[in-house]
Amino acid sequence: MEGRLVGKVAIITGAGRGIGAAIAKRFAAEGAKIVICDLLKEGLEETAAACPEGSTLSFPADVRKIEDMQAVADAALKFGGKIDILVNDAGITRSGGVANAVVDEWMDVIETNLFGPFYIMRAVIPHMMEAGGGSIVSISSLAGIRRMPEASAYSTSKSGLIGLAQSVAFDYGKYNIRSNIICPGLTHTKNVDLMAENMGKAQGLEKEKVLENMARYSPTRRLVPPDEIAAAAVYFASDESTTVTGTVLSVDSGAAIVDASVAGFDPHERLR
């Protein structure tokens, strides 16, 4: 069966690891030509090696630099002749509330998670307009619609990304440009594995038990597999969703519906 993205050209930021790498591999498997960018050169090489030969162009770039994002767009046009799809995945986090956050770190998160998507969309949208349309998929977070402790920069950036992406949907829908948002919950990436391992050492627990505890209060009791986020991105990028724009889709094992005040209450356990 022919792939759902055959004949399409996509740019994917943050494709050197985690969710971005999963999306890149899935897009290439679905037939797209992809331009992947990241600061992690080794990660880009690993992602490209997992994609069909000739399908991928790796472009080390810093999303915080407008000139880098213009260069990525130019490279995509040269590589594929057009730009059909953009995935905004590059993102970082730093801890800290408003009163105790390190200002330089706070700004770094905003520049990466919010300015980066603005820069690459600014470079890509004119080409999509000229070509008659395109699809933009922005990876926000459950933290973009809910709040996390000591994560003021991350939550602010991810909420802002939703607003930015919906503004694009509103302003450029008349040019057949769609812009949708995915909000992952806690996703089972290598970084989360490492975090669980470190937490386990501090708490005297096995990594698997820490991961189980992390997922405990979501309805499905599961962390989110990166491949499921990639599947949602394929839907938004493909011609199966031509009237879907401005949508915020939570891929979070149901975590968004949980009331934190009763998250620890399990009626089945109480009845035993």
Given the conditions (1) touching a Pro at 6+ places or on another chain (Cβ under 9 Å); (2) farther than 27 Å from ILE177 by Cα, report the number of the one that ALA28 does not fulfil.
(2)
Going by the conditions given, is ALA49 under 21 Å from HIS127 (Cβ atoms), out of contact with any helix residue (DSSP H, G or I) (no Cβ under 7 Å at 6 or more places or on another chain) and not aromatic (Phe, Trp, Tyr)?
no
Only one of GLU67, GLU53, GLU45, GLU105 is assigned to a loop (DSSP other than H, G, I, E, B), charged (D, E, K, R) and surrounded by fewer than 17 Cβ atoms within 10 Å (Cβ to Cβ); which?
GLU53
Looking at ILE181, ILE162, which one is touching a residue at least 60 places away in the same chain (Cβ under 8 Å), among the β-branched types (Val, Ile, Thr), in a helix (DSSP H, G or I) and under 30 Å from GLU130 (Cβ atoms)?
ILE162
For GLU206, state whether it is under 19 Å from GLY16 (Cα atoms) and of a type outside the set (A, V, I, L, M, F, W, C).
no
Any chance the stretch 9-31 includes a residue that's closer than 19 Å to ALA75 by Cβ, modelled with pLDDT of 95 or more and of a type in the set (D, E, K, R)?
no
So which residues in the stretch 31-42 are in a helix (DSSP H, G or I) and either of a type in the set (Val, Ile, Thr) or in contact with a Pro (Cβ under 7 Å, 6 or more places away or on another chain) (or both), if there are any at all?
LYS41
Answer with yes or no whether THR13 is touching a residue at least 12 places away in the same chain (Cβ under 8 Å), under 16 Å from the mean Cα position of the chain (by Cα) and crowded, with 19+ Cβ neighbours inside 10 Å.
yes
Positions within the stretch 78-89 being over 12 Å from PHE59 (Cβ atoms) and of a type in the set (A, V, I, L, M, F, W, C), in sequence order:
ILE83, ILE85, LEU86, VAL87
Is it true that some residue in the stretch 113-121 is buried (at least 17 other Cβ atoms within 10 Å of the Cβ), β-branched (Val, Ile, Thr), touching a helix residue (DSSP H, G or I) at 6+ places or on another chain (Cβ under 6 Å) and at pLDDT 95 or above?
yes
Please verify whether GLU240 is of a type in the set (D, E, K, R) and modelled with pLDDT of 85 or more, treating the condition exactly as stated.
yes
Assess whether ALA101 counts as being under 19 Å from the mean Cα position of the chain (by Cα), of a type in the set (Gly, Ala, Ser) and over 29 Å from ALA32 (Cβ atoms).
no
Can SER152 be described as closer than 25 Å to LEU77 by Cα, surrounded by fewer than 23 Cβ atoms within 10 Å (Cβ to Cβ) and over 13 Å from the mean Cα position of the chain (by Cα)?
no
Out of TYR172, TYR235, TYR217, I need the residue that is farther than 15 Å from GLY18 by Cβ and surrounded by 19 or more Cβ atoms within 10 Å (Cβ to Cβ). Which one?
TYR172
Here the residues within the stretch 129-159 that are part of a helix (DSSP H, G or I) and either free of Cβ contacts under 8 Å to residues at least 40 places away in the same chain or in contact with a Lys or Arg (Cβ under 9 Å, 6 or more places away or on another chain) (or both) are GLU130, ALA131, LEU142, ALA143, GLY144, ALA153, TYR154, SER155, SER159
Within the stretch 219-254, residues outside any helix (DSSP H, G or I), on the phi < 0 side of the Ramachandran plot and in contact with a Leu (Cβ under 8 Å, 6 or more places away or on another chain) come out as LEU223, VAL224, SER238, SER250, ASP252
What's the total number of residues in the stretch 187-207 that are closer than 17 Å to VAL224 by Cα and out of contact with any strand residue (DSSP E or B) (no Cβ under 6 Å at 6 or more places or on another chain)?
10
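The values are calculated or read from the model by the stated rules, or taken from the named source; none is laboratory data. These numbers were taken from a predicted model, which means no experiment stands behind them. Virtual Cβ from ideal backbone geometry, glycine too; neighbours counted across all protein chains shown.
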